[in-house]
Amino acid sequence: MLGSAIVQSGGDSWFFIAANYAFGKSLVQQATAAIEASGGKVVGSVFAPLNASDFSSFLLQAQQSKAKVIGLATAGGDTVNALKQADEFGIRDGGQKLATFVIFETDVKSLGLKTAQGLQLAAPFYWDLDDASRAFAKRFYEKMGRVPTLGQASVYSAVAHYLKAIKAAGTKDPDVVMAKMRELPVNDFMTHNGRLRADGRLLREMHLFEVKKPAESKGEWDLFRLVRTVPGEEAFRPLSEGHCPLVSENPK
């Protein structure tokens with residue numbers, strides 16, 4: 001979804017810096033398909049070892065590619081290191097955008113808006129997205145002293161839907177509960193009329209965000225601005241392309 005949404009916003013040429021293991025390679029493969037299907041192109045890619053401390057050679061290749069977007073198919077400390085060094089290399093000032101597939105609000109806050117500004121990311125949740133997300137964030141903040149990340153909100157949402165399905169099914173039998181979870185729509189503070197597919201994918205709206213400039217932020221956790229929203233039917237690959245063994249058992 002990240003690739004196609006950015007292409008539709010004008011970022012139609014990409015260079016990937018990816019993790020050199022299954023996670024990164026799979027992300028590049030799937031993102032490339034989405035980018036090309038949306039009319040964009042991938043001009044190159046390079047794979048970095050896990051826990052790399054020096055991304056300079058990879059960033060230089062990305063700069064030299066002249067791609068409009070440098071996609072980081074990395075995670076955790078690798079993404080943080082790459083973003084720090086991208087700022088040091090002046091990549092943003094050179095006109096290229098950075099986009100990442102996996103990052104949390106806490107990562108962006110630790111980097112600081114000066115370093116992370118302009119970074120694009122896709123997520124189904126941000127604490128300041130709408131009234132429902134803000135209400136949940138307020139409750140969370142009162143308990144934890146900070147706003148919830150996407151990961152924390154997702155766990156809360158998933159467990160709540162599971163418990164709702166148990167109550168509706170009147171049993172804890174896993175097969176019955178799983179069927180009920182697929183039957184019931186997901187409606188909560190982060191998902192509106194979501195549907196759990198046979199392969200376990202939750203179809204719901206996804207949002208393209210951009211990290212704010214320091215001057216745009218009005219508070220400690222005011223980190224993202226919304227660029228566009230993509231319907232769930234467009235945000236995820238079709239069921240037929242997932243090759244999930246569960247699909248033959250539960251085709252819906």
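The values are calculated or read from the model by the stated rules, or taken from the named source; none is laboratory data. Just so it is clear, the model here is predicted, and its values are computed rather than measured. Note: ideal-geometry Cβ built from the backbone for every residue, glycine included; neighbour counts use all protein chains shown.
The residue of the range 52-86 that is surrounded by the most Cβ atoms within 10 Å (Cβ to Cβ), among those that are of a type in the set (Val, Ile, Thr) and under 13 Å from Leu111 (Cβ atoms), is Thr79. Within the range 211-246, the residues that satisfy the criterion of being closer than 18 Å to Ile35 by Cβ and in contact (Cβ under 8 Å) with a residue 60 or more places away in the chain are Val227, Arg228, Val230, Glu234, Ala235, Phe236, Arg237.
Across the range 87-102, the qualifying residues are those that are of a type in the set (A, V, I, L, M, F, W, C) and out of contact with any strand residue (DSSP E or B) (no Cβ under 8 Å at 6 or more places or on another chain), and the one among them that is surrounded by the most Cβ atoms within 10 Å (Cβ to Cβ) is Val102.
The rows are residues; the columns are (1) outside any helix (DSSP H, G or I); (2) of a type in the set (S, T, N, Q); (3) touching a residue at least 12 places away in the same chain (Cβ under 8 Å); (4) in the same structural domain as Phe104 (by TED's automatic domain parsing).
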site	(1), (2), (3), (4)
Val42	yes, no, yes, yes
Gln63	no, yes, yes, yes
Leu72	yes, no, yes, yes
Val80	no, no, yes, yes
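A quick yes/no check of all residues on (1) loosely packed, with under 13 Cβ neighbours inside 10 Å; (2) under 23 Å from the mean Cα position of the chain (by Cα); (3) part of a helix (DSSP H, G or I):
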site: Arg134; (1), (2), (3): no, yes, yes
site: Glu142; (1), (2), (3): yes, no, yes
site: Leu163; (1), (2), (3): yes, no, yes
site: Lys180; (1), (2), (3): no, no, yes
site: Phe189; (1), (2), (3): no, yes, no
site: Arg195; (1), (2), (3): no, yes, no
site: His207; (1), (2), (3): no, yes, no
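What are the residues in the range 25-40 that are free of Cβ contacts under 8 Å to residues at least 12 places away in the same chain and polar (S, T, N, Q), if any? Those that are free of Cβ contacts under 8 Å to residues at least 12 places away in the same chain and polar (S, T, N, Q): Ser26, Gln29.
For the range 144-161, residues that are closer than 20 Å to Val227 by Cβ and part of a helix (DSSP H, G or I) total 2.
Residues are listed down the side, and each one gets a yes or a no for (1) hydrophobic (A, V, I, L, M, F, W, C); (2) at pLDDT below 95; (3) in contact with a Pro (Cβ under 8 Å, 6 or more places away or on another chain); (4) within 21 Å of Arg237 (Cβ to Cβ):
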residue: Asn51; (1), (2), (3), (4): no, yes, no, no
residue: Ala62; (1), (2), (3), (4): yes, no, no, no
residue: Thr100; (1), (2), (3), (4): no, no, no, yes
residue: Gln120; (1), (2), (3), (4): no, no, no, yes
residue: Ala132; (1), (2), (3), (4): yes, no, no, no
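Residues that are assigned to a strand (DSSP E or B) and farther than 11 Å from Phe58 by Cβ within the range 8-18 comprise Ser13, Trp14, listed in sequence order.
Considered as a group, the residues in the range 1-30 that are β-branched (Val, Ile, Thr) and under 22 Å from Glu233 (Cβ atoms) include one that is surrounded by the fewest Cβ atoms within 10 Å (Cβ to Cβ), and that residue is Val7. Per the conditions (1) touching a helix residue (DSSP H, G or I) at 6+ places or on another chain (Cβ under 6 Å); (2) of a type outside the set (Lys, Arg); (3) in a helix (DSSP H, G or I); (4) closer than 23 Å to Ser4 by Cα, the sole criterion not satisfied by Val46 is (3).
Rundown of residues vs (1) more than 23 Å from Ile6 (Cα to Cα); (2) buried (at least 16 other Cβ atoms within 10 Å of the Cβ); (3) not aliphatic (A, V, I, L, M), yes/no style:
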| position | (1), (2), (3) |
| --- | --- |
| Asp175 | yes, no, yes |
| Ala198 | yes, yes, no |
| Glu216 | no, no, yes |
| Val230 | no, yes, no |
| Glu234 | no, no, yes |
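Tell me, please, whether a residue that is out of contact with any strand residue (DSSP E or B) (no Cβ under 7 Å at 6 or more places or on another chain) and free of Cβ contacts under 8 Å to residues at least 24 places away in the same chain can be found in the range 193-203. Yes, there is a match, as at least one residue in the range 193-203 is out of contact with any strand residue (DSSP E or B) (no Cβ under 7 Å at 6 or more places or on another chain) and free of Cβ contacts under 8 Å to residues at least 24 places away in the same chain.
Set side by side, the residues Thr100, Thr106 differ, and just one is among the polar types (S, T, N, Q), touching a Leu at 6+ places or on another chain (Cβ under 9 Å) and closer than 26 Å to Asn20 by Cα, which is Thr100.
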